[in-house]
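Peer 1: Once you've had a glance at the structure underneath, I'll fire off some questions.
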Amino acid sequence: MLDIKNLHVEVEGKKILRGLNLTVNAGEVHAIMGPNGAGKSTLAYAICGKEGYEITEGSVTFKGKDFLELEANERAGEGAFLGFQYPVEIPGVTNMNFLKTAINSIRKYRGEDEMAAVDFLKLIRAKAAELDMDPEMLKRAVNVGFSGGEKKRNEMVQMAMIDPIFSVLDETDSGLDIDALRIVADGINRMRGDDKAILVITHYQRLLDYVVPDYVHVLSDGKIVKSGDKELAQRLEKEGYAGLGIDENAA
């Protein structure tokens, strides 16, 4: 589904990714771990097309298409979703309107008709209930006045509604208590499927107790330096990056 080869990325002239290679197939969940400054968030933003991330070398292919030739909204139309470490607040725009606009924009890109209002309401209420979200929150401005856990739960509802085939989640477990973590993990696990793939970026092994990855990769100094299964994350929890011979200050 996703094939990254020799990816080099700069931000404001600073080299962040330095020849990263990664392949994610349909049906797989991959976890990216690594010390601060290793390039984890840069990888997420580069894949999904956030402005300010300059690709200087390499390729990103998604479902056989050159992803780097597409704008961010086109990548979303192709089936990609980006979950932020710090979900943004959008004053004046309700969750309902935000999601309706997002879904219909994607449907338009794919040449599909807009979702009927009754179908949209039925779906969003069902997804909110699945993720234990108060339906009154759907009427509020996007993330405005939400706690950290509510913002992440709201993002899981967004992901469930959009139903992407490839989800990139940038430290979605950051700042969550155990109850919120379980709800977020449930939202992620609901997105698993033979025709879908997920890339989870995290600092901590605790999320991977709930969302068990097929592969774990360690990113250091802009490259993947070690890959394994869930046991690699458990080893990191016990030994730290030094236990793998990785300098946390290398970035």
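The numbers here are math on the coordinates, done by the rules we state, and not lab data. Here the structure is a predicted model, which is why all the values come from computation and not from measurement. Here the Cβ positions follow ideal geometry from the backbone for every residue, glycine too, while neighbour counts run over all protein chains shown.
Peer 1: With springs only between Cα atoms under 10 Å, which of M133, M96, M115 fluctuates most in a Gaussian network model of the chain?
Peer 2: Checking each option, the largest mean-square fluctuation is seen for M115.
Peer 1: Which pairs break 27 Å Cα to Cα here: K65/K139; K15/K226; K15/K152; K15/K65?
Peer 2: Details: K65/K139 37 Å; K15/K226 20 Å; K15/K152 30 Å; K15/K65 25 Å.
Exceeds cut-off: K65/K139; K15/K152.
Peer 1: Exactly which chymotrypsin sites (Phe, Trp or Tyr not before Pro) in the stretch 146-206 are in a DSSP loop and have at most 11 other Cβ atoms within 10 Å? Present the calculation step by step, with values, prior to reporting the outcome.
Peer 2: Numbers: sites: F146, F166, Y204; in loops: F146, Y204.
Hits after loop and neighbour filter: nothing returned.
Peer 1: I need the helices of the chain that pass two filters: whole DSSP H segments spanning 18 Å or more by Cα along the axis, and mean Kyte-Doolittle score no lower than 1.6.
Peer 2: Details: long enough: 95-109 (21 Å, -0.42); 117-130 (20 Å, 0.50); 148-162 (21 Å, -0.73).
Length and hydropathy pass: none found.
Peer 1: When DSSP assigns beta bridges and you keep just the ones with both residues in the chain, what percent turn out antiparallel, to the nearest 5? Before the final figure, lay out the partial values.
Peer 2: On the way: 24 of 41 bridges.
Close to 60 percent.
Peer 1: For the chain, set up a Gaussian network in which alpha carbons nearer than 10 Å are linked by springs, and say which option among V200, V118, V184 fluctuates the most.
Peer 2: V118
Peer 1: Still on this structure, please answer the following. Considering Cα pairs under 8 angstrom that are at least six residues apart, work out the relative contact order of the chain and quote it in whole percent.
Peer 2: Numbers: 463 pairs, mean separation 70.9, N = 251.
RCO, the chain: 28 percent.
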